[in-house]
Amino acid sequence: MSIGTEPGPIGATTDLLSVEDLVVHFPIRRGLVVERTVGHVRAVDGVSLGIAAGRTYGLVGESGCGKTTFGRAVLRLEEPTGGRVRLDGTEVTGLRSDRLRRFRSRMQMVFQDPLGSLNPRHNVDMLLAEPLKVHGVGSRSEQRRLAIETLDAVGLPSSVLERYPHEFSGGQRQRLGIARALMLRPDLVICDEPVSALDVSIQAQVMNLLEQLQGEFNLTYLVIAHDLAVVRHMSDRVGVMYLGNLVEEADSEAIYDDPRHPYTKALLSAVPQPDPEAEADRERIILKGDLPSPADPPSGCRFRTRCPWAADICAEEVPVWREVGDGHRVACHFDL
Amino acid sequence: MALLEVEDLRVSFGETRAVDGVDFQVDEGQVVGLVGESGCGKSVTSLAIMGLLPRRAASVAGAARYDGVDLFSLPRGEMRRLRGPDLAMVFQDPLSSLNPVVQIGRQITEVLERHRGMRGEAARKEAVHLLDRVGIPDPARRLGEYPHQLSGGMRQRVLIAISVACAPRLLIADEPTTALDVTIQAQILELLKDLVDSEGTALLMITHDLGVVAGLCDEVNVLYSGRVVESAPARDLFARPTHPYTVGLLNSIPRLDLPIHEPLRPIRGSIADVIGWNDGCAFAPRCDRVAEECVAGEPPLIGAAHMHRCVRAEEVA
Amino acid sequence: MTPAKIEKLERLVEAGAQARTAESGSLWRQSFRRLRRSPMAIAGGAIVGVFVLVAVLGPWIAPYDPTAQRWGDEVFLNRNVFPGPRAENWFGLDHLGRDMFSRMIVGARQTLLVGVVATLIGFAAGAAVGGTAAAAGTFGGRWGQRIEAVIMRAVDVALSIPMLLLALSVAALLGPSLTTVMIAVGVAQIPIFARLLRGSMLAQAHSDYVLAAISLGVPKGRIVISHIFPNSLGPVIVQATLVLATAIIEAAALSYLGLGNPDPGNPEWGTMLADAQRFLSGAPQLAIYPAVGIIVTALGFTLLGEAMRESLDPRLRRQG
């Protein structure tokens with residue numbers, strides 16, 4: 001989604017959002033009377049990335065890779081175990097209760113399940129006015145005007161104000177979810193699987209809408225999705241996550257044209273395309289087995305248990321980041 | 001003669017018409033796709049064929065001829081005997097399709113006992129063979145495990161193993177990979193393809209994913225609002241989509257094989273918006289090309305090998 | 001295209017763009033609409049409606065004063081003579097020569113009062129306990145979780161005490177009276193309501209819309225009050241209706257055991273049943289009237305509660 005500004009220098013200090021070595025571990029507790037911690041689920045295990053203002057960063061990975069937890073930890077909806085998150089110079093990870101609550105107006109979230117994320121007993125008016133109320137924005141009539149304005153921006157008429165979430169179709173509900181996220185005019189919007197619960201024909205409407213709103217409201221997006229085509233379409237820059245780690249990061253075009261990490265290669269080759277001719281003679285990398293448990297990740301490179309190119313070194317050493325092109329970095333021992 | 005021939009299938013739940021005159025056929029060893037979005041009637045069609053719709057709630061009309069025998073006029077007992085050795089089905093959610101309190105091995109041998117008369121050690125051996133066949137590592141040990149101990153992909157493999165235990169002539173797969181990750185989906189699709197190629201099983205693939213259809217199917221039927229709106233050999237359909245709905249669907253999906261940031265051209269509105277619309281073409285309220293003749297009456301399915309249900313197809317193309 | 005059809009098409013597209021109209025209104029209103037279609041709700045509602053009407057209008061529709069021993073000279077206890085139903089006394093006379101029909105009608109009020117007040121006590125106190133536990137456990141950090149654990153263990157202990165025993169202890173403490181019965185039955189319901197509301201609130205606390213509220217910066221207290229609590233009430237309201245039925249039976253049982261209203265002047269079904277046991281062999285009808293009254297009323301509330309459970313069911317709610 002490259003509306004507006006030209007791409008800036010990658011990893012520059014002008015990043016609106018910068019995440020450094022973010023770690024989220026969930027303790028595994030056992031015991032009936034006295035609970036003790038018997039281990040940790042390493043949901044996110046040291047992820048760093050930066051997003052320039054007005055751009056879209058796509059975070060892609062399969063279920064269990066920690067992408068959702070990462071998004072929530074950035075917004076402090078999940079408490080990070082370690083690392084730093086900075087938004088426009090403010091260290092989000094250092095904010096304490098009430099300051100954090102007030103700071104939330106600058107970073108918002110769009111959820112996967114549009115129905116589940118809307119309180120079923122609140123009508124649209126209440127849904128949209130609530131963020132304004134709790135942040136003390138405007139009078140009642142101004143709140144209503146803002147609500148109508150935002151509804152208009154997401155393509156819904158003001159007549160829906162009195163309606164309840166269950167009265168809308170899936171696509172309309174997602175529009176409501178987006179409208180609510182925009183009510184406080186945030187800088188950063190994290191979209192967690194924004195279209196995966198929707199029908200194909202509706203997905204495109206919502207993607208186009210998000211694209212249009214980015215220009216209109218000056219938004220910076222972090223798009224989290226499992227669908228590589230969706231991420232490619234929406235993002236300027238893409239990071240691929242596997243088992244709590246980022247394994248490859250590059251500009252959208254580079255990562256899809258020239259994937260360097262075996263996992264990225266396998267992911268890309270696994271997506272079926274609506275083109276029988278291409279499908280017939282496509283080379284597929286079929287990965288062995290399933291995702292290992294994030295409570296007990298493999299030593300060295302975490303992908304090695306499923307990697308077709310795995311060698312001895314992969315079990316012994318954790319691969320370090322290598323620059324393989326302009327802003328294209330990969331965490332793999334081999335130059336594939 | 002076609003292995004399965006569905007003719008003018010109509011299913012309604014009270015006032016709601018879920019399937020509204022669907023025709024298609026599946027030949028021996030062929031892979032046929034039923035593709036459409038939620039609410040298009042694709043799953044109801046498959047359940048109707050399998051005789052799995054609740055009899056009190058659903059009224060089924062039309063015919064589904066398997067090997068020339070109308071499945072809808074078969075007594076229940078006969079139908080039950082067909083399920084397994086002739087017709088088998090794989091569902092989207094493998095966890096709820098497996099009995100949670102029965103070991104994997106027992107669930108497979110049960111089918112082998114009932115339909116192939118195998119007992120004891122012979123059944124056990126065949127179960128191990130089947131699990132190995134669907135690519136489950138260490139199959140002998142897996143026999144004693146319960147469904148919750150397996151991952152989603154493994155469960156789907158077990159389900160496929162159970163379905164192919166009797167070497168059915170027709171396998172109906174209802175969104176078998178929708179709940180799975182893309183790398184696991186690739187494994188399962190590969191497995192299905194392999195079954196079709198090596199055993200000559202015919203496959204009716206029900207999915208919303210045009211990519212899955214393109215990679216797997218010989219023939220494709222596009223469903224919209226309970227009707228087939230386009231039906232063609234897969235290569236033909238993707239090369240020359242004719243019905244505006246098919247075109248709209250193809251324009252709606254971001255693709256990895258097209259230039260980056262290619263704009264998407266979605267279909268306007270949603271199917272939920274036009275409930276109660278029954279004048280002429282069901283797609284008319286969402287169609288860009290709508291004209292007077294579209295609402296004059298329901299357009300018929302026209303064409304020979306490449307059929308479509310659009311009266312303006314020629315003018316637009 | 002004919003103008004009429006173009007118009008219809010436009011209208012449909014327009015209606016679609018606005019929202020679906022099939023099931024409109026808030027969830028409460030929608031549930032109520034479903035409720036009205038349920039035969040179980042209609043039957044239960046009819047029974048409860050008649051019962052409430054009688055309870056409210058009792059003194060005005062009763063043909064005689066329920067406490068007046070007008071026909072005392074027609075009853076002979078030692079010879080087991082209790083005049084049965086007749087033209088002037090539809091349900092016959094009781095052991096003191098009072099009109100049974102009038103006593104039943106006037107007694108409905110006390111019975112309803114006991115049920116409603118007992119349930120309200122259980123509901124209010126239980127909701128306070130369970131709500132506090134859930135709120136503390138969800139948003140109170142480590143200390144909150146400890147508070148929740150202590151509260152819930154106490155509730156578990158209370159739950160393990162047989163309800164009748166609990167009610168009897170309260171009654172023994174306060175002495176026999178109608179208030180005693182209400183408090184006793186109500187207190188016995190507290191742990192049930194507390195558990196139910198806490199469970200329901202915890203389930204809601206993990207929903208996406210609560211996460212959305214947190215991400216919007218809604219304060220914790222407001223999230224509990226305006227998001228979690230209203231969405232957790234459904235099962236509790238159903239339970240309250242069902243508890244009303246058991247409360248009436250419980251109250252009757254306590255009255256029967258002699259812990260109810262000692263004042264014979266003010267009729268109440270449970271007390272009437274207790275009085276009737278002395279004459280069970282000679283005049284079983286004296287027990288049958290209040291017993292049937294209690295059973296039918298309890299059945300009415302149970303039917304209504306079950307119908308409400310169905311109409312509030314979240315699985316149905318998700319449809320559409």
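The values are calculated or read from the model by the stated rules, or taken from the named source; none is laboratory data. Keep in mind that what you see is a predicted model, and the values were worked out from it rather than measured. Note that we place each Cβ from the backbone using ideal geometry, even for glycine, and neighbour counts take in every protein chain shown. Areas reflect the complete protein model, heavy atoms only, side chains present, ligands, DNA and RNA absent. Shrake-Rupley method; radii C 1.70, N 1.55, O 1.52, S 1.80 Å.
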HN-Hα couplings for the range B:92-109 via Karplus (6.51, -1.76, 1.60; θ = phi - 60°), in whole Hz with x for Gly/Pro, come out as 5, 9, x, 5, 7, 8, 9, 6, x, 9, 10, 4, 3, x, 4, 5, 7, 5
By accessible area (1.4 Å), largest first, A:Thr69, C:Thr67, B:Thr183 order as C:Thr67, A:Thr69, B:Thr183
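Percentage of Cα-Cα pair distances in chain B greater than 26 Å, rounded to whole percent? Kindly include the intermediate steps, with their values, before the conclusion.
On the way: 24659 of 50086 pairs.
Value for chain B: 49 percent of Cα pairs lie more than 26 Å apart.
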Extension length gain for C:Trp60 and C:Ile237 (0.36 nm per residue less Cα distance), in nm, is 60.6 nm
Candidates A:Ser18, A:Ser201, A:Ser158; GNM for chain A (alpha-carbon contacts under 10 Å) flags as most fluctuating A:Ser201
For A:Arg322, the accessible surface traced by a 1.4 Å probe with all protein chains present amounts, in square angstrom to the nearest 10, to 70 Å²
Mean separation of Cα contacts under 8 Å (at least 6 apart) over the residue count of the range C:127-198, i.e. the relative contact order in percent, is 42 percent
Quick tally, 1.4 Å probe accessible area for B:Phe72, A:Phe103, A:Phe70, sorted with the most first, runs B:Phe72, A:Phe103, A:Phe70
If every Lys and Arg gets +1 and every Asp and Glu gets -1 at its Cβ, then about the Cα centre the protein assembly as shown yields a dipole, in debye to the nearest 20, of 3640 debye
Applying the gyration tensor rule to the Cα atoms of the range B:201-246 (axes a ≥ b ≥ c; rounded if a/c under 1.5, else prolate if a/b exceeds b/c, else oblate), the class is oblate
Under the Karplus relation with 6.51, -1.76 and 1.60 and θ = phi - 60°, whole-Hz ³J(HN,Hα) for the range A:49-63, x at Gly and Pro, equal 6, x, 10, 6, 4, x, 9, 10, 10, x, 10, 10, x, 8, 4
Taking placed amide H atoms and a strict 5 Å upper bound, the residues 5 or more places from A:Val110 or on another chain that come that close are A:Ile190, A:Cys191, A:Asp192
Note to self, chain B gives a 222 nm [θ] from helices alone (DSSP H runs n ≥ 4, -39500 (n - 2.57) apiece, / all residues, nearest 500) of -9500 deg cm²/dmol
In degrees rounded to 10, the 0-90 angle between helix A:124-134 Cα long axis and the longest Cα principal axis of chain A is 80 degrees
Rounded to the nearest 10 Å², the 1.4 Å probe accessible area of C:Val50 is 90 Å²
Taking the protein assembly as shown, the lysine pairs whose C-alpha atoms sit under 23 Å apart (8 or more places apart or on different chains) add up to 7
Per the charge dipole of chain B (beta-carbon charges, Lys/Arg positive, Asp/Glu negative, Cα centre), the residue among B:Cys166, B:His148, B:Leu258 reaching farthest to the positive end is B:His148
Distribution output for the protein assembly as shown: share of Cα-Cα pairs per 20 Å bin in percent, first bin at 0, values 11, 35, 34, 15, 4, 0
In nm, the gap between the two label points placed 7 Å beyond Cα toward Cβ at C:Lys220 and B:Glu298 is 5.9 nm
For the range A:200-209, in residue order, the Karplus 3J(HN,Hα) values (coefficients 6.51, -1.76, 1.60; θ = phi - 60°; whole Hz; Gly and Pro = x) are 3, 5, 7, 3, 5, 4, 5, 5, 4, 4
Heavy-atom accessible area of B:Lys125, protein chains in place, probe 1.4 angstrom, given in Å² to nearest 10, is 140 Å²
Charge dipole of chain A built from unit charges on the beta carbon (Lys, Arg +1; Asp, Glu -1), centred at mean Cα; most positive-end Cα among A:Val240, A:Gly116, A:Thr14 is A:Gly116
Per-residue accessible area, 1.4 Å probe, largest first, puts A:Ser169, C:Ser281 in the order C:Ser281, A:Ser169
In degrees rounded to 10, the 0-90 angle between helix B:120-133 Cα long axis and the longest Cα principal axis of chain B is 40 degrees
Cα-based Rg and Dmax for chain C, in Å, come out at 25.6, 94
By the Cα gyration tensor axes a ≥ b ≥ c (a/c under 1.5 gives rounded; else a/b larger than b/c gives prolate, otherwise oblate), the shape of the range B:118-238 is prolate
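Just how large is the dipole of chain C about the Cα centre, in debye to the nearest 20, putting +1 at every Lys and Arg Cβ and -1 at every Asp and Glu Cβ?
1200 debye
Over all alpha-carbon pairs in chain A, figure out the percentage whose distance exceeds 25 Å. It would help to have the intermediate numbers written out before the result.
Working: 30869 of 56280 pairs.
The share of Cα pairs beyond 25 Å in chain A comes to 55 percent.
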So the angle from the long Cα axis of helix B:182-199 to the longest Cα principal axis of chain B, reported in degrees to the nearest 10, equals 80 degrees
Per the charge dipole of chain C (beta-carbon charges, Lys/Arg positive, Asp/Glu negative, Cα centre), the residue among C:Ser215, C:Gly58, C:Ala188 reaching farthest to the positive end is C:Ser215
Long-range amide H partners of B:Asp93, meaning residues 5 or more apart or on another chain whose placed amide H is closer than 5 Å, are none
Here Rg/Rh (Cα, Kirkwood) for the range B:96-167 equals 0.92
Computed for the range B:96-167: size of charge dipole around the Cα centre, +1 on C-beta of each Lys and Arg, -1 on C-beta of each Asp and Glu, debye to nearest 20, value 60 debye
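Summing both sides, how much accessible area is buried between A and B? Use a 1.4 Å probe and give Å² to the nearest 100.
Values: alone 16250 and 15450 Å², together 27970 Å².
Summing both chains' loss of accessible area gives about 3700 Å².
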The answer for A:Arg284, listing residues at least 5 apart or on another chain whose modeled amide H is closer than 5 Å to its amide H, is none
Rounded to a whole number, the mean other protein chain Cβ count within 10 angstrom for residues of A:224-235 is 3
